[in-house]
Amino acid sequence: LSEAIERGFLVPYTYCGLTDDIDYSQIRYQNHRYNVADLERHLIVTERNEAILREYLSRGHGDKCIGFCVSINHAERMAEFFRSRGIAAAAIHSEAPRRDDLLRDFRANKLQVAFTVDLFNEGVDFPNVQVLLFLRPTESKTVFMQQLGRGLGLCIGKDRVRVLDFIG
């Protein structure tokens, strides 16, 4: 990754680890994964959503963004929250109706923020994404690198990607 950035094949990134008050010891962990229902109960809360929006606007400057969520429900709720605050956002996931239309709208900059669940981990390219929101624990270094890679593509006018990682 470092060599690809140094050689100009990828843009550099600024990583911001933002602590939240989620106590992961209260979330069941089985078979190398957190329990999704427990994660939803602890992560989908208004105060956390407000903090995420605040950081997106201040550190992310409201730029084009992908938010990685823990579940479809989480992605839908985040998109709804952002839309209620005037941000053009959508949940794009495997069960999204009109998913291809939403992807087209995101590519065409009709959407500022796409909240997703695993769908963008690999195989898609959005070079003009300037902000990544990590809104879930990432239990795999490989998945973390794949998600980070969604923002590292070269694009005219883009000098770096900003990563906002909400960590407990």
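The values are calculated or read from the model by the stated rules, or taken from the named source; none is laboratory data. Note that the structure is a prediction, hence the values are computed from the model and not measured. Positions of Cβ are generated from backbone atoms using ideal geometry, with glycine treated the same way; all protein chains shown enter the neighbour counts. To get the accessible areas, we keep the full protein, side chains included, count just its heavy atoms, and leave off ligands, DNA and RNA. Shrake-Rupley method; radii C 1.70, N 1.55, O 1.52, S 1.80 Å.
Data overview
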quantity	calculated
Met78 out of contact with any Lys or Arg (no Cβ under 6 Å at 6 or more places or on another chain) and over 23 Å from Asp21 (Cβ atoms)	no
Meets criteria (in contact with a Lys or Arg (Cβ under 8 Å, 6 or more places away or on another chain) and in contact (Cβ under 8 Å) with a residue 24 or more places away in the chain) for Thr14	yes
Near pairs, Cβ below 8 angstrom, 6+ apart or cross-chain, from the stretch 40-58 (within 20 Å of Ile72 (Cβ to Cβ)) to any residue that is in a helix (DSSP H, G or I) and open to solvent by 30 Å² or more (accessible area, probe 1.4 Å)	Glu40/Asn73; His42/Gln26; Ile44/Asn73; Ile44/Arg77; Asn49/Arg77
Single match in Ile22, Ile66, Ile72 (criterion: under 24 Å from Cys155 (Cβ atoms), among the aliphatic types (A, V, I, L, M) and in contact (Cβ under 8 Å) with a residue 40 or more places away in the chain)	Ile66
Residue satisfying all of: in the stretch 137-163; modelled with pLDDT under 90, touching a strand residue (DSSP E or B) at 6+ places or on another chain (Cβ under 7 Å) and among the charged types (D, E, K, R); nearest to Met78 (Cα to Cα) among these	Arg150
Filter result for the condition that a residue is crowded, with 19+ Cβ neighbours inside 10 Å and within 16 Å of Thr19 (Cα to Cα), over Ile92, Ile66, Ile44	Ile44
Any helices (runs of 4 or more DSSP H) falling wholly within the stretch 1-119 and containing at least 2 residues that are over 18 Å from Phe166 (Cβ atoms)	2-6, 72-84, 99-107
Residue pairs meeting the criteria (Cβ under 9 Å; at least 6 apart or on separate chains; first in contact (Cβ under 8 Å) with a residue 40 or more places away in the chain and of a type outside the set (Ser, Thr, Tyr), in the stretch 136-148; second open to solvent by 50 Å² or more (accessible area, probe 1.4 Å) and assigned to a loop (DSSP other than H, G, I, E, B))	Pro137/Gly168; Glu139/His32; Met145/Leu1; Leu148/Leu1
From the options Phe166, Phe134, Phe120, Phe115, residue that is among the aromatic types (Phe, Trp, Tyr), at pLDDT below 90 and on the phi < 0 side of the Ramachandran plot	Phe120
